[in-house]
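Only the coordinates and a few stated rules stand behind these numbers; no lab work does. Quick caveat: nothing in here was measured; it's all calculated off a predicted structure.
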Amino acid sequence: HTPGNSSTTANSTDRIAVFIKDGCAPCGLTVQQLQASDVGFDLYMVGSRANDTLIRDWAKRASINPDRVRNGSITLNHDAGRWLSLG
């Protein structure tokens, strides 16, 4: 997968790491499907340059439930190179 596409990776806590990029329509669809399945996941925005407004706006456009973000079942994160480390 390229950073322009969403990619999921399971980890030992059974949470899914989802890498998204602004402007990626399939990423939004993947995230909506995950949210509908009621699974917990950590969303990482590639190329966000630590811009909180960018990731929050993306989450709103993708219809991320703010209550799930507040309770920690979904987290919004800046990639900060994690995508490259998983290579």
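Values computed for the structure shown
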| quantity | calculated |
| --- | --- |
| For residue 75, residues with placed amide H under 5 Å, excluding near neighbours | 41, 42, 43 |
| Distant-in-sequence amide H partners of residue 19 (H built 1.01 Å from N, under 5 Å) | 7, 44 |
| Debye log10 I(q)/I(0) at q = 0.11 Å⁻¹ for region 7-86, Cα point scatterers | -0.24 |
